Amino acid sequence: MSDEAGSTPPRNAITADDLRRVAEWADGVRGGEYRLSMNAPLPGGGTGFGLERIDGNASPVGEIIISTPQRVPTKKSPPVFMLVDPATGENIRVDTKKHDAIFWGEVSAEKFLIPYYTRFLDDAGMQSLREAIADPDVIAIAHDYPTFLDVATSSRGFEPLSEWATRDRSRPPQST
């Protein structure tokens, strides 16, 4: 969390990238009030710097409250989107409460994902993203708030980019 190699930041230190990630998270969960917390439950599991939803009537003192009003409160979104696996013809269910953007074209992934995620991923993460975009078995890449990536591959559905990057892709995928 620090720019200095080998240094250990204080427990409550955050980076500008951490702050940007939480700002993107807040923008992705419009319609509520949240507090910044160093022990928030994280969407990928575990706890860390993030948002905790609060009751709109609460009056926390000395806390930073993030208000996320909806610009169009009556806007409707589909609850699910179906992606057809080109290899099997099977439907892959896309939960729109988790995935708010899907990129299946190489050009759109390069045009939108690379510039956006450069601010959030380290060099290894960016390399994994570039490999996923170029992989012929990857049929779609999904953005999850707050700024996570899932990769859809034939016969596997969606999995986190980090898991996709670490599994042995030289062997055929196991069905899940």
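The values are calculated or read from the model by the stated rules, or taken from the named source; none is laboratory data. Note that this is a predicted model, so its numbers are computed, not measured. Cβ coordinates were reconstructed from backbone atoms using ideal geometry, including for glycine residues, and neighbour counts include every protein chain displayed. The accessibility values were calculated without ligands, DNA or RNA, using every heavy atom of the protein model including side chains. Shrake-Rupley method; radii C 1.70, N 1.55, O 1.52, S 1.80 Å.
Go through the range 98-134 and report how many residues are assigned to a helix (DSSP H, G or I), among the small types (Gly, Ala, Ser) and within 13 Å of the chain's Cα centre (by Cα).
Of all residues in the range 98-134, those assigned to a helix (DSSP H, G or I) come to 106-117, 123-134.
Restricting the remaining residues to those that are among the small types (Gly, Ala, Ser) gives 108-109, 124-125, 128, 132, 134.
Checking which are within 13 Å of the chain's Cα centre (by Cα) leaves us with 125.
Total satisfying the criteria: 1.
Kindly indicate whether Val72 is over 15 Å from the mean Cα position of the chain (by Cα), loosely packed, with under 12 Cβ neighbours inside 10 Å, under 15 Å from Ala142 (Cα atoms) and at pLDDT 85 or above.
On the way: over 15 Å from the mean Cα position of the chain (by Cα): yes; loosely packed, with under 12 Cβ neighbours inside 10 Å: yes; under 15 Å from Ala142 (Cα atoms): no; at pLDDT 85 or above: yes.
Considered against the rule, which asks whether it is over 15 Å from the mean Cα position of the chain (by Cα), loosely packed, with under 12 Cβ neighbours inside 10 Å, under 15 Å from Ala142 (Cα atoms) and at pLDDT 85 or above, Val72 comes out as no.
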Checklist entry - Can you name the residue in the range 29-45 that is hydrophobic (A, V, I, L, M, F, W, C) and within 16 Å of the chain's Cα centre (by Cα) and is also surrounded by the most Cβ atoms within 10 Å (Cβ to Cβ) among such residues? => result Ala40
Next on the checklist: Name the residue that is nearest to Trp25 (Cα to Cα), counting only residues in the range 110-145 that are out of contact with any Leu (no Cβ under 8 Å at 6 or more places or on another chain) and open to solvent by less than 30 Å² (accessible area, probe 1.4 Å).
Outcome noted: Asp144
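Taking Pro172, is it over 25 Å from Ala40 (Cβ atoms), modelled with pLDDT of 90 or more and not charged (D, E, K, R)? Walk me through how you get there before you give the answer.
Working: over 25 Å from Ala40 (Cβ atoms): yes; modelled with pLDDT of 90 or more: no; not charged (D, E, K, R): yes.
Considered against the rule, which asks whether it is over 25 Å from Ala40 (Cβ atoms), modelled with pLDDT of 90 or more and not charged (D, E, K, R), Pro172 comes out as no.
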Checklist entry - If we keep just the residues of the range 1-34 that are out of contact with any helix residue (DSSP H, G or I) (no Cβ under 8 Å at 6 or more places or on another chain) and part of a strand (DSSP E or B), which is modelled with the lowest pLDDT? => result Gly32
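Which residue, of Glu159, Glu131, Glu163, is of a type outside the set (Gly, Ala, Ser) and at pLDDT 90 or above? Give the derivation first.
On the way: Glu159 fails: at pLDDT 90 or above; Glu163 fails: at pLDDT 90 or above.
None of the others qualify; the one that does is Glu131.
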Item to check | Subset of the range 87-97 (residues that are open to solvent by 100 Å² or more (accessible area, probe 1.4 Å) and either in a strand (DSSP E or B) or more than 14 Å from His143 (Cα to Cα) (or both)) | outcome: Glu90, Arg93
Checklist entry - Taking interchain pairs and intrachain pairs at least six residues apart, which have beta carbon atoms under 9 angstrom, with the first residue in the range 16-37 and over 24 Å from Val72 (Cα atoms) and the second assigned to a strand (DSSP E or B) and of a type in the set (Asp, Glu)? => result Leu36/Glu52; Ser37/Glu52
